[in-house]
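Notes follow once the structure below has been shown.
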Amino acid sequence: MDTQVGDPLLGSLVDGRYHVRERVARDGMASTYLAVDERLRRTVALKVLQPEHPGQPFHLNRFADEVTNLARLTHPNAVVWLGQGMHNGLPYLVLEHVRGRTLREVLAERGRLAPLEAVAIAEQVLSALAAAHRAGLVHRDVRPENILVADSPSGGHSLLDAVVKVADLGLVRAIEAGGGQPAVTAAYVCPEQVAEGRSDQRGDVYSAGIVLFEMLTGRVPYEGARPAEVAWAHVQQDVPAPSRLAPGVPPVLDDLVASATRRNPAARFMDAGPLLQAVQAARETLTVSAATQVMRPPAQTRPYHSQPLAEETMIVGQVAPPQRPSWARLPGADQPESRSRREAAAEGGVAALLDQARLHYQRLMADPRGRMRLIAGAVVLALLVLTGGWWLFSGRYDDMPQVMNLPKEQAVAALEDLGLEVEFAAPQYRENVAKDVVLLQDPAPGDNVSSGDTVTLTLSAGPESRQVPDVTGKPYDLALVDLKAEPLRLKPVKAGERFDDLVPKGTVIETDPKAGEPIEPESEIKVIVSKGKAPITIPFVEGKQLRDARNELENLGLKVSVEYVDSDKAYETVVKQDPATGTGAERGNTVKLQVSNNRSVQPPGSEQPMPEVRNWNCGDAENHLAGMGLRVEVRGVRDGDDKNRYRVTRQFPNAGSKVQPGQRVIIRCEERR
């Protein structure tokens, strides 16, 4: 059944601007339409949110404020938010239209992807999620339907060259700000969302791991008759290794999926940034031949084409009776009364009027004076028709005046003097036309206009402001071409190179002035280029003893700084390191270690024998034992006396007993005679 039949939005004009052409997707939170922005003449995606409970109040102002904040997040792998509004009581969003397919459609066609193809898509998805996580955003609905695979810039069909964009970044937060209850997809939901009704950046890491699993195997890890069964499987079971379902998946990708999909969120990557680094490291270990490896369908698994093209969504943590929105109901059984009976009843009255008119005409024609009155009436009627026709088709119109090249105020005054309404189209940049001078007018000069008609004026925005183009992330040679191109003709200078874990070698890291800042044509611009990942990889030293960690780091040419902190770990155990493991570094860089100062817990191997201190001077014995890290209790010495006037007569524990730093020992002293 065609679900678009009866959709009231199809063919409508939303907000007087967006002409809805077709519906392209629908899930538990929204319906997505393809629309044309009639003002800017471009294709956009229109996402209309579906209410969880019809009639429930929606806070549009808070929703609009959140969308405005989301629009500031820009990333080449994230779909751009263009606007928002309310239509027929339903909030809607306007987004960038990405020409291509969803990852769901790619998987439906391909079954599963080669390892390098899956990693190439995952890398771009995680790049967008990492930017969102740095901005404090959590997606909470990462799934193939929200991953768009745009057409390759080269025109080919290779997924290795495709541009991937993540849709709906921040949508969940915007819906919650408006008072709505967002839905999630059971096949990709993280265990803590199901069990506790909460999730953070680590929940996106889990969902991204499930998507990577599906790309490698052609199916999701759990299936069930109901979404709730699938959701609870994430809580109760570990995600299997992809190679169990798809022989040939490299072990490095099995490990990657396992790390991202730990049931305990504390055991996962903290956010998408470290996972992105792990994916990039995995890509480097895969051979080029793996990208073109022909993979057989997984043995004893359901063919991928039998999976639904859209996974079911659900509200996790709440159970509400299903309600069908009133705006979605088809016409009911009550039909309007047929008009045929009323029309039949009216036919008799019309026939009677016609009979009366015919009799009246016959009486007029039988009387000479009646014929004269009839002729005079016909002449008057003809004059009225001619006069009305002239007024209707010509007399009521004025000629549209010429207002192009006039300043805005002068043009508006001339049009309002004729009783015309004025509206403005989007301004256009013109190098040689001052700002707010009329460039175009509609209707054109000389066309017919009448009082009350609307005239659309297009004003000049003046010369277009010059800004530094964004060449970050581009190879240095291509960046030079862009910077030297018309109309700026900038003079790029290579200002230096530096290591960067995320930016490949030979790629532009930043420019000075930065992208988007104003700049004059033919100005000098400094370009900083990446040297790639630093030559030293920071090892994992957390949990090691300070001496061992220090030796390991210093042997790599790194410096170590130590900070003692409160901890329940054994004394001088490393509890935290900065930079994190896997980060690149150069010789001479400093690694900061936070070390436990808990002397009550000593590491293994710290025990030593209790020395023989009997007959020692009491003060010397106390100092010696304290130097061993022991807590010394002195007995038998009067307050204020010199302890070296006393000698040790008894000790506990006895000499040779095992003691460890922080342990309490007792010495008994007597005054020398």
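A short reminder: the numbers here are calculations on the coordinates, not readings from a lab. From a predicted model like this one, the values you see are computed outputs, not experimental measurements. All Cβ positions, glycine included, derive from the backbone under ideal geometry; neighbour counts span all protein chains shown.
Hey, rough spin-label estimate for E524 and E196, points 7 angstrom out along Cα→Cβ, what's it come to in nanometres?
5.6
With each pseudo-label sitting 7 Å past Cα toward Cβ, what's the T43-F424 distance in nm, one decimal?
My value for the distance between the label points is 3.2 nm.
Suppose R0 equals 41 Å. What FRET efficiency, 1/(1 + (r/R0)^6) with r the Cβ-Cβ distance, do D566 and E586 give to the nearest 0.05?
On the way: r = 32 Å, r/R0 = 0.79.
Approximately 0.80, to the nearest 0.05.
Using modelled backbone amide H atoms (1.01 Å from N, in-plane), which distant-in-sequence or interchain residues come within less than 5 Å of L630's amide H?
So L630 has HN proximity to G662.
Would you please give the residues with an amide H less than 5 Å from that of K559, counting only those at least 5 places away or on a separate chain, with H modeled from the backbone geometry?
Answer set, sorted by chain and number: G588, N589, T590, V591.
Evaluate the relative contact order of the stretch 399-459 (contact order divided by residue number), counting alpha-carbon pairs under 8 angstrom at least 6 apart; express in whole percent. Don't skip to the end; give the middle numbers.
Numbers: 105 pairs, mean separation 29.9, N = 61.
Value for the stretch 399-459: 49 percent.
Please label the shape of the stretch 399-459 as rounded, prolate or oblate, based on the square roots a ≥ b ≥ c of the eigenvalues of the alpha-carbon gyration tensor (a/c under 1.5 means rounded; beyond that, a/b larger than b/c means prolate, else oblate).
It comes out prolate by the Cα gyration axes.
Once phi is turned into θ = phi - 60°, what whole-Hz ³J(HN,Hα) does the Karplus curve with 6.51, -1.76 and 1.60 give for every residue of the stretch 517-531, x standing for Gly and Pro?
Calculated HN-Hα couplings, in order: 7, x, 7, 8, x, 6, 7, 7, 9, 8, 10, 10, 10, 6, 9 Hz.
Work out how much length E105 to Q608 would gain on full extension: take 0.36 nm times their residue separation and subtract the Cα-Cα distance, in nm to one decimal.
Details: separation 503, 0.36 × 503 = 181.08 nm, distance 6.85 nm.
Contour length minus the Cα-Cα distance gives 174.2 nm.
If amide hydrogens are placed 1.01 Å from N in the peptide plane, which non-local residues have theirs closer than 5 Å to the one on Q651?
R668
Could you give the nm distance between label points at D436 and R283, where each point is 7 Å from its Cα heading toward the beta carbon?
It is 5.0 nm.
How large is ³J(HN,Hα), in whole Hz, for each residue of the stretch 481-489 in order, when computed from phi with the Karplus curve 6.51 cos²θ - 1.76 cosθ + 1.60 and θ = phi - 60°, using x for Gly and Pro?
My calculation for the stretch 481-489 gives 4, 5, 6, 7, 6, 5, x, 7, 6 Hz in order.
Got a sec to turn the phi values of the stretch 425-435 into Karplus ³J(HN,Hα) couplings, 6.51 cos²θ - 1.76 cosθ + 1.60 with θ = phi - 60°, whole Hz, x for Gly and Pro?
These are the phi-based 3J(HN,Hα) values: 7, 4, x, 10, 6, 9, 5, 10, 10, 5, 5 Hz.
Which pairs break 24 Å Cα to Cα here: K559/K658; K491/K514; K47/K165; K484/K514? Show your work: numbers first, answer last.
Details: K559/K658 36 Å; K491/K514 14 Å; K47/K165 16 Å; K484/K514 16 Å.
In this structure, K559/K658 exceed 24 Å between Cα atoms.
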